[in-house]
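The values are calculated or read from the model by the stated rules, or taken from the named source; none is laboratory data. None of the values given here were measured: they were computed from a predicted structure. Cβ atoms come from the backbone with ideal geometry, glycine included; neighbour counts cover every protein chain shown. Heavy atoms of the whole protein, side chains included, go into the accessibility calculation; ligands, DNA and RNA do not. Shrake-Rupley method; radii C 1.70, N 1.55, O 1.52, S 1.80 Å.
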Amino acid sequence: MDRQKYTASLSQTQGRTGYSIIFRHPVRRSDSTGRPGLRVRSGLGTRDEREAARLRDELNVLLGNPKYHDLAARSEAERRFDSRVVNIFYDKMVPEQTDFTALRDAAIELPESAPDGYRRVLFLGTTGAGKTTLVRQLIGTDPIEERFPSTSTAKTTIHDTEIVIAEGDWRAVVTFASRDEVREYLNECVSDAVLAGAREADDAEVLRRLLNHANQRFRFNYVLGNGPAVASSSSDFDDEDLESKEEEDLLSEVERGTIDVKKTTELLAETIGTLRNLANRHREGLYDELEVAGDDDKRAAEEIYEEELDKLLRDDEDFHQVSDALMEEIEKRFELLPPGEIKKTRQGWPLTWSGEWPFENRAEFLSAISCFTSNYAPLFGRLLTPLVNGIRVSGPFTPAWNGSEAPKLVLFDGEGLGHTPNSSSAVSTAVSRRIEVADAVLLVDNATQPMQAATLAAMREVVASGNARKLIIAFTHFDEVKGDNLPNASARAQHVLASANNVLAAFGEELGPYAERALRLRVEQARFFLGDIHEPLNETDASGRRTVSQLRNLLECIYGVIETPESAEAKPVYDRMNLVLAIRSAADAFHRRWRPLLGLESNPALTREHWTRVKALSRRLGTGMDDEYDTLKPVADLRNELQERSYLFVQNPLRWEEYEPTDDQKQDCFDAFAHNLNRRLLEVCTRRVWKERAVQWEDAYYKRGTGSTVVRARIIGNEIYEPAAPVPDATPSPDRNQFLHEIVAEVEQAAHETNVVLE
């Protein structure tokens, strides 16, 4: 059978002078078919028609000659063809991962605890708890005039924010999400908007789906604006815009560049009509194919249509033209980048931006970086916030309540923990790794609703990973804790602590007595009550003085969390058989959670995940983008099960050699062992669930057609999870033995390094 021939064509979007090239790739797999032929569109970086035609012709030579379709032929291609053509053709032929932290390190290095005397503080908290508001207090930014970092009652922080309090000039470095990641999230939004149109949603709902991704991480309305004012059948309010003069003043906060938001609004208005046409065309065509006769058939066809829609759309040129046009508008926003150094990928997509301002230009510095961090509605259409995956700033931040002395702190703020269904949910692997490098973990909890599931999940993670000594708890919204039975601040504090004490006993039952003991010590020695931190603090009133005093004590507590305690000479002795039982229990719990989520088994306590979410998960692991999707975290889930059962194992030695240590010494010994082991378990789970099975994840993603949901679920459950974490039983097998031996080997190495004996 002859190899399919591919050719390239030129494209010039209306209103843009530069040329782009469009072609089907002979190696990279199409999202719609799972076979070679992925549609690629890339800018050529030229406005000259003759030069663009020459580049197109060179690319056609590459497309037409199979010898160049092997990555090994790239060096020969580089000698013969223009570098732009070579970079476009060979881009992503092998999935690549970018170390964004290393890129930020290259621009602004993080100071260390020794010898710099700094403390690295990781902020954790549920959405709306006030962790970013607390960051503002610690760095002394004005909540009205400066608004850095951005806050709101909803999910606000969607990327890593790293703040170094240091003397000298103001500096910043920003890393951006990859073009492929942005495009994939955009494609998912377009698909979701078409589905809304197929269900006869009004224009407002179609537009909302288009501009806001379901998991709230990519809010394209920040970048593209809110679009045309369309009527909504579900609106409860007659909203009024800001006065034009007020909006004009606000726009001075960012560089306007050449962005014309009105043209983007016109494009979005046209897009709504295109999406409706796509919905109607594919729905009617599919109904005809299925020979839909009546309402019952139509309802059944709707279910099939939803599953097939994404496949149909990604093979439709109109779908890609919508995505192309919106990506063009998104790329225009990079014209708003403040003055500074910009590093780009070979394909021209910004990788990093960095800039520096003199000490006296604080206002100019904060204004410049607002386009990367702001969530201010009047600036929608001119912001880059959703395109950022990390920002690091350094400068002489000083909280007014701390006098002229600037604390030596590095603050890590990130996405909120969200609202997890139960306290045993795993935190992301990114959070786990951050906990490892932090000197202190500041858990921010809402005093009006303390100790909810996500907060407890974070506490379980910190304790079971052997990092309990790092934990500090800040109860915010303390000013809102009110009641007739709470006459003073002490009574309010005891009311909040009563909620904490109620849940600590449960920790003892589930994670062992030393988990409960460690948490009780932190609640007693490292908890603080903060009120009115959303505004500048005034020490002339009692509430302000109390909060300032608590903040100063909080700083002292952060500096007190430094060294790992010295290990005692006493050695705990463990039985290996108990370890095997712990591993078996962890693997079994992992499968009992995931098989119902995939629809492979039934469990009344767990709801089957929607097929689109499972598909999105498989894409992210199959392409190397990430090891999770939203709340679906297979790597973190397996590591969490192993970690918690290992922590129970760690607390139950057979005996002690040398002498019986004190409870404090036992706690230190257990935590040191668990901490060493946790790092190893994370790497094993990452490798077994993700890295070693990337091909299977990719295969699961590319399954298409009727019944593909079940096929995809079976691949994940039976071909990925089962060999990655087989449950050891009486029947020996190579997979079960290898998994068991790997975990035991990691425990042995951790035991050797922490003065522990395994028998």
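For the range 377-403, what are the residues that are assigned to a strand (DSSP E or B) and among the β-branched types (Val, Ile, Thr)? Of everything in the range 377-403, those that are assigned to a strand (DSSP E or B) and among the β-branched types (Val, Ile, Thr) turn out to be VAL388, ILE391, VAL393. Residues being touching a helix residue (DSSP H, G or I) at 6+ places or on another chain (Cβ under 6 Å), surrounded by fewer than 20 Cβ atoms within 10 Å (Cβ to Cβ) and not small (Gly, Ala, Ser) are represented in the range 700-707 by at least one member.
Any residue in the range 478-492 that is in contact with a Gly (Cβ under 6 Å, 6 or more places away or on another chain), of a type outside the set (Gly, Ala, Ser) and touching a residue at least 24 places away in the same chain (Cβ under 8 Å)? Walk me through how you get there before you give the answer.
First pass over the range 478-492, keeping only residues in contact with a Gly (Cβ under 6 Å, 6 or more places away or on another chain): 478-479.
Filter once more, keeping what is of a type outside the set (Gly, Ala, Ser): 478-479.
Keeping just the survivors that are touching a residue at least 24 places away in the same chain (Cβ under 8 Å) gives 478-479.
Within the range 478-492 (the criterion being in contact with a Gly (Cβ under 6 Å, 6 or more places away or on another chain), of a type outside the set (Gly, Ala, Ser) and touching a residue at least 24 places away in the same chain (Cβ under 8 Å)), the answer is yes, since at least one residue qualifies.
The set of residues in the range 389-405 being of a type in the set (A, V, I, L, M, F, W, C) and touching a Phe, Trp or Tyr at 6+ places or on another chain (Cβ under 7 Å) consists of ILE391 alone. Considering the range 642-699, and only residues there that are among the aliphatic types (A, V, I, L, M) and closer than 17 Å to ARG517 by Cα, the residue that is most open to solvent (accessible area, probe 1.4 Å) turns out to be LEU648.
Return the residues of the range 74-120 that are part of a loop (DSSP other than H, G, I, E, B), open to solvent by 50 Å² or more (accessible area, probe 1.4 Å) and more than 21 Å from TRP170 (Cβ to Cβ); say none if nothing qualifies. Please lay out each step first, then the result.
Taking the range 74-120 and keeping what is part of a loop (DSSP other than H, G, I, E, B), we get 81-82, 91-99, 108-118.
Narrowing further to those that are open to solvent by 50 Å² or more (accessible area, probe 1.4 Å): 92, 94-99, 109, 112, 114-116.
Across the range 74-120, the qualifying residues are LYS92, VAL94, PRO95, GLU96, GLN97, THR98, ASP99, GLU112, ALA114, PRO115.
Look through the range 390-403, keep the residues that are in contact (Cβ under 8 Å) with a residue 24 or more places away in the chain and open to solvent by 40 Å² or more (accessible area, probe 1.4 Å), and return whichever of them is farthest from the chain's Cα centre (by Cα). Talk me through it step by step, then tell me what you get.
Going through the range 390-403, the residues in contact (Cβ under 8 Å) with a residue 24 or more places away in the chain turn out to be 390-402.
Next, from what is left, pick out any that are open to solvent by 40 Å² or more (accessible area, probe 1.4 Å): 398, 400.
Working: THR398: 29, ALA400: 33 Å.
Of everything passing the filter in the range 390-403, ALA400 is farthest from the chain's Cα centre (by Cα).
Out of GLU331, GLU364, one residue alone is closer than 25 Å to LEU268 by Cα, open to solvent by 40 Å² or more (accessible area, probe 1.4 Å) and in contact with a strand residue (DSSP E or B) (Cβ under 9 Å, 6 or more places away or on another chain). It is GLU331. Among the conditions (1) surrounded by 13 or more Cβ atoms within 10 Å (Cβ to Cβ); (2) in contact (Cβ under 8 Å) with a residue 40 or more places away in the chain, the only one that PRO66 does not satisfy is (1).
Annotation: of all residues in the range 27-54 being under 26 Å from ASP316 (Cα atoms) and more than 32 Å from the chain's Cα centre (by Cα), the one that is surrounded by the fewest Cβ atoms within 10 Å (Cβ to Cβ) is ALA53. Need the failing condition index for ARG679 against (1) of a type outside the set (Val, Ile, Thr); (2) under 21 Å from VAL427 (Cα atoms); (3) not in a helix (DSSP H, G or I), just the number. Failed condition: (3).
When the range 277-320 is filtered for residues that are at pLDDT below 75, open to solvent by 50 Å² or more (accessible area, probe 1.4 Å) and of a type in the set (D, E, K, R), the ones remaining, listed by number, are GLU284, ASP288, GLU289, GLU291, ASP295, ASP296, ASP297, LYS298, ARG299, GLU302, GLU303.
The one condition from (1) touching a residue at least 40 places away in the same chain (Cβ under 8 Å); (2) charged (D, E, K, R); (3) open to solvent by 50 Å² or more (accessible area, probe 1.4 Å) that ARG619 does not meet is (3).
Summed over the range 719-759, the residues that are closer than 25 Å to GLU644 by Cβ, part of a helix (DSSP H, G or I) and either free of Cβ contacts under 8 Å to residues at least 40 places away in the same chain or β-branched (Val, Ile, Thr) (or both) give a count of 13. Looking at the range 550-582, which of its residues are over 28 Å from GLN643 (Cβ atoms) and open to solvent by 50 Å² or more (accessible area, probe 1.4 Å)? Within the range 550-582, ARG552, ASN553, GLU556, TYR559 meet the criteria.
Scanning the range 520-535 for residues being of a type outside the set (Gly, Ala, Ser), surrounded by 15 or more Cβ atoms within 10 Å (Cβ to Cβ) and closer than 29 Å to THR151 by Cα gives a total of 9. Under the condition of being closer than 28 Å to ASP668 by Cα and in a loop (DSSP other than H, G, I, E, B), the residues counted in the range 536-592 number 11.
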